[in-house]
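Data block below; observations after.
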Amino acid sequence: MWIKKRYLPEFNIAICTLIAFVTYLVCPEKYNFGLCVMAMVLYVITFLSFLMKKKLKNYFCFSVIFSIAFFFVYYFYPIMLYPVNKYAFPIFYYNFNDNIITKSTFLATIGYDMFIIGILFPYKDKKKDTPKIHISNFIPTSMVALFCVLAFIKVFALNLSVYFGEGNSSPIAMTIWSYISLIEHGVIFCAITIEFYIALNAQNKQTWYKRNPILWVLLAIYCLITLLSGSRNIVIAIALAVIYGSILCEHGWSLLKLTVYVLIGMTAMSIISFLRVSNTFSFSIENITSDLIINNITLYKGYDYVKSNGIIPFTLIGSLLSAIPFLQGLVVRLRGISIYYTSSARLFSLLILGENASYGVGTNIIASIYLGAGLVGVVVMMFWLGRIVKKYSDYRQNDSIFKLLICFEIMAHAVFLVRADFFYPVGHMSWGIIFLNIFIAMFSKRHLAEQQ
């Protein structure tokens, strides 16, 4: 054979990427079912080639979950729904350009291929000596529990006011949520990181859940209250992080086990969503994955907008600025930038729903990059995402606690990063690192004082 077997996955991915690029450039701006299927086939070949190359022992990882979510956001609607029922979901009654569906689907395929190439691209891991933080001189579990209680009280008060008040769209609720969500996320993930870091360095790490049951009870109550208020993203993020931590302490998941648990989780979340809205639920794959599928319209709107008006780089920068409270608003006022240009989600909501809408339509990772940086941005930034995942998504013994925190944050965004702004996780990671440094500094000083 003219190509070695071990290089076959890379060869397949390279050919798929080349075909996706060429087809994207030459395909007509008109819906074509055959070409959309071709884009999906290229995606499947790339995904399977990736699995063939990596030979994963644990399928519960960012790359696999992200890939599954990617399929439902970008391929399910143009292939499974559009040909038989264009208006399968109410959001698709809003006007969008059908002619750019095919081209947009190939744009997404290019992005996915670059993401996989970024993961597989050779990376030399420079081993550094990281200071070991031992249990004896670290944060006691009571401090962790205290911070979780404080976060729980804040969220409990907010969610009850939203649940019994004007709703998630009320200005007060939106303002409160925007400023405490980053802090609560940072505290919770800092607590989860600390608990699993201690467990991973203990002899009986398989019993991680017995070490601090108060924390897990608090998190369970927090998740329940949050679900009742209609917010599921943070609950899914916590679940993904905890499952990932338990796998680190115990053993990996097979592909079959991952599939079963993903279906159970998606079904449960969809039932909760439908019952809150209509008190009825019809079991079908499109209902289970509706939160992902409906974001496809933002890709079409984004591509169409850039074609007519050009890119808006600030939609990407605005997401970064929002990690620091008040900074985004300050820049907007000083520079005279429209509030709708601060994120792709705001602009897409304006384009699709108009002004004064009571809810938003969200965004997706390919649309947000394309709106802010065009085709070059999709290629470079999706490749960059793959490199980040390659470097930080696998935690090994003797890695630092900050590496573990980043691993948890990456896993937490495995499902919803595909339907979010590219830089959406940056704020969460930043605040988690800030709180982790604060906790370590506080206890280090206390420990030194006790020794003297």
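The values are calculated or read from the model by the stated rules, or taken from the named source; none is laboratory data. Worth saying up front: this structure is predicted, and the values here are computed from it rather than measured. Every residue, glycine as well, gets a Cβ built from its backbone with ideal geometry; the counts of neighbours run over all protein chains shown.
Against the numbered list (1) surrounded by 16 or more Cβ atoms within 10 Å (Cβ to Cβ); (2) over 13 Å from Ile312 (Cα atoms); (3) of a type in the set (Val, Ile, Thr), Ile324 comes up short only at (1).
Beta carbons closer than 9 Å, at least 6 apart along the sequence or on distinct chains, pair a first residue in the range 207-235 that is aromatic (Phe, Trp, Tyr) with a second that is in a helix (DSSP H, G or I) and at pLDDT below 75 for Trp216/Tyr209; Tyr222/Cys148; Tyr222/Ala151; Tyr222/Phe152; Tyr222/Val155; Tyr222/Phe156. The set of residues in the range 72-101 that are in a helix (DSSP H, G or I) and in contact with a helix residue (DSSP H, G or I) (Cβ under 7 Å, 6 or more places away or on another chain) comprises Phe72, Val73, Tyr74, Phe76, Tyr77, Pro78, Ile79, Leu81, Ile91, Phe92, Ile100, Ile101. Could you look through the range 343-394, keep only residues that are without any contact (Cβ under 8 Å) to a residue 60 or more places away in the chain and touching a Ser or Thr at 6+ places or on another chain (Cβ under 7 Å), and pick out the one that is nearest to Thr109 (Cα to Cα)? Looking at the filtered set, the residue picked out is Phe348. Of all residues in the range 362-411, those satisfying the criterion of being closer than 20 Å to Asn437 by Cα and in a helix (DSSP H, G or I) are Tyr392, Ile401, Phe402, Lys403, Leu404, Leu405, Ile406, Cys407, Phe408, Glu409, Ile410.
Screening the range 27-54 for residues that are of a type outside the set (A, V, I, L, M), more than 19 Å from the chain's Cα centre (by Cα) and buried (at least 20 other Cβ atoms within 10 Å of the Cβ) and picking the one that is farthest from Lys391 (Cα to Cα) gives Cys36. Among helices (runs of 4 or more DSSP H) entirely within the range 170-252, having at least 1 residues that are modelled with pLDDT of 80 or more, within 19 Å of Leu404 (Cα to Cα) and under 24 Å from the mean Cα position of the chain (by Cα) singles out 171-200, 213-228, 233-249.
What's the total number of residues in the range 15-47 that are in a helix (DSSP H, G or I) and touching a residue at least 12 places away in the same chain (Cβ under 8 Å)? Full working, then the answer.
Here is the first cut: in the range 15-47, the residues in a helix (DSSP H, G or I) are 15-26, 33-47.
Filter once more, so that each one left must be touching a residue at least 12 places away in the same chain (Cβ under 8 Å): 16-17, 19-21, 23-24, 33, 35-40, 42-43, 45-47.
Selection size over the range 15-47: 19.
Report yes if Tyr59 is touching a Ser or Thr at 6+ places or on another chain (Cβ under 9 Å), touching a residue at least 24 places away in the same chain (Cβ under 8 Å) and in a loop (DSSP other than H, G, I, E, B), otherwise no. Explain how you work it out, then say what you get.
Numbers: touching a Ser or Thr at 6+ places or on another chain (Cβ under 9 Å): yes; touching a residue at least 24 places away in the same chain (Cβ under 8 Å): yes; in a loop (DSSP other than H, G, I, E, B): yes.
Spelling it out, Tyr59 is indeed touching a Ser or Thr at 6+ places or on another chain (Cβ under 9 Å), touching a residue at least 24 places away in the same chain (Cβ under 8 Å) and in a loop (DSSP other than H, G, I, E, B).
Would you point out the residue of the range 55-112, among those that are within 16 Å of Tyr24 (Cα to Cα) and among the small types (Gly, Ala, Ser), that is surrounded by the most Cβ atoms within 10 Å (Cβ to Cβ)? Among those that are within 16 Å of Tyr24 (Cα to Cα) and among the small types (Gly, Ala, Ser), it is Ala108.
Determine whether Ser322 is out of contact with any strand residue (DSSP E or B) (no Cβ under 6 Å at 6 or more places or on another chain) and under 20 Å from Val426 (Cα atoms). Don't jump to the end; show me each part of the working.
On the way: out of contact with any strand residue (DSSP E or B) (no Cβ under 6 Å at 6 or more places or on another chain): yes; under 20 Å from Val426 (Cα atoms): yes.
The answer is yes for Ser322.
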